[in-house]
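All of the numbers you see were taken from the coordinates with simple rules; none came from a lab. Remember, it's a predicted structure, so these values are computed and weren't measured experimentally. Every residue, glycine among them, receives a Cβ derived from its backbone with ideal geometry; neighbour counts consider all protein chains shown.
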Amino acid sequence: MDIIASLNSLLIDRFGALGPLYAVGVLGFLMIALTLPAFLKKRVDPLDKFRRETREMKAASTRDPATSLRPTSRADKLERFSHFLEPQNEEEFSAIRLKMMRAGYRTKNAIRIFHFAQLALGLGLLVLGVLFTIVNSASGEVDTTKLILSVIIPGAIGYYLPRYWVERRLQTRQQEITNGFPDSLDMMLVCVEAGQSLDQSIVRVAREMRSGFPDLAEEYEIVAQEMKAGKDKVQVLKDMAERCGVTDISSFVTVLIQSATFGTSIAEALRVFSAEMRDKRVMRAEEKANVLPTKLTLGTMMFTVPPLLIILIGPSVYAIYDTLSNSSF
């Protein structure tokens, strides 16, 4: 702290009251200047040729709207910055792509928009923090520690805000899928026992679950469309389990694959598994109910015990204080 204080006094003596702010600004620009070349340097990738050809085709279709097969969106403007806004490592790209899909963002530009939001919000709030610090320091002397925190904390919040949003969206979506999955199994069992095939029952369940659980209905619709397109049923079910990231759906996919492999009845497998899912839902509800008293203990201690102590001990304390005051006189 002595070093920081001496450095602060040196900057104030040399550059005036805004000397520490100037130093923080110069340090920030130097850090950005040092890191930008590393980010902008494009790594050699085997898919560069394919991406370049794809960009050329998109550019040609943009110049000639008659030959365009799909409308261009505003997010396509980020295509030229794809090497900067997308991870160049295949494993990192696959991981962030899977995470965005599990959160419900399936567009091809989702990763670019996510990283662009991180960059824009981080730099935007960083600039706002600098402006706030300038305005605040104009009215009086500001401590160097508070100066640095007021600049760095808004930038960090802006950078991590999109990540927090995606995490919350992923958890909410998985919870919704988990809550609606037992009902969808019961409906699928009814459809299968009524004589429909598995493909037809999935289409019907997706249509019926749309109003109550739209995320789960969307997953079933994707499965139905992929089956109609001729994709292998086992691979379609595995892809569904990977997209959702829910343990119950992974178990359900395993049951269907084993049923198809060994030739057992799908209706019987669905009946047993749906009963198990209903039991698990009841167990989850009972677990939350059992945890509730423990969570209420702290609130009970904070809002019940102090008033009770005041009511019980307050008169006695007042009587003792009154007696001592009278005896002193």
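Pull out the extension gain between residue 321 and residue 264, defined as 0.36 nm times the separation in residues minus the alpha carbon to alpha carbon distance; nm, one decimal.
Full extension from residue 321 to residue 264 adds 12.2 nm.
May I ask for the net charge around residue 161, where only other residues with Cβ less than 13 Å from the Cβ of residue 161 are counted and Lys, Arg are +1 while Asp, Glu are -1?
Every neighbour counted, the sum reads +2.
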| task | Could you calculate the FRET efficiency of residue 199 with residue 278 from 1/(1 + (r/R0)^6), where r is the beta carbon distance between them and R0 is 30 Å, rounded to 0.05? | result | 0.75
| field | Residue pairs, from the table 99/146; 108/238; 99/228; 99/280, whose Cα atoms sit over 28 Å apart | value | 99/146
| request: State the volume of the convex hull built on the alpha-carbon positions of region 173-286, expressed per residue in Å³ and rounded to an integer. | output: 92
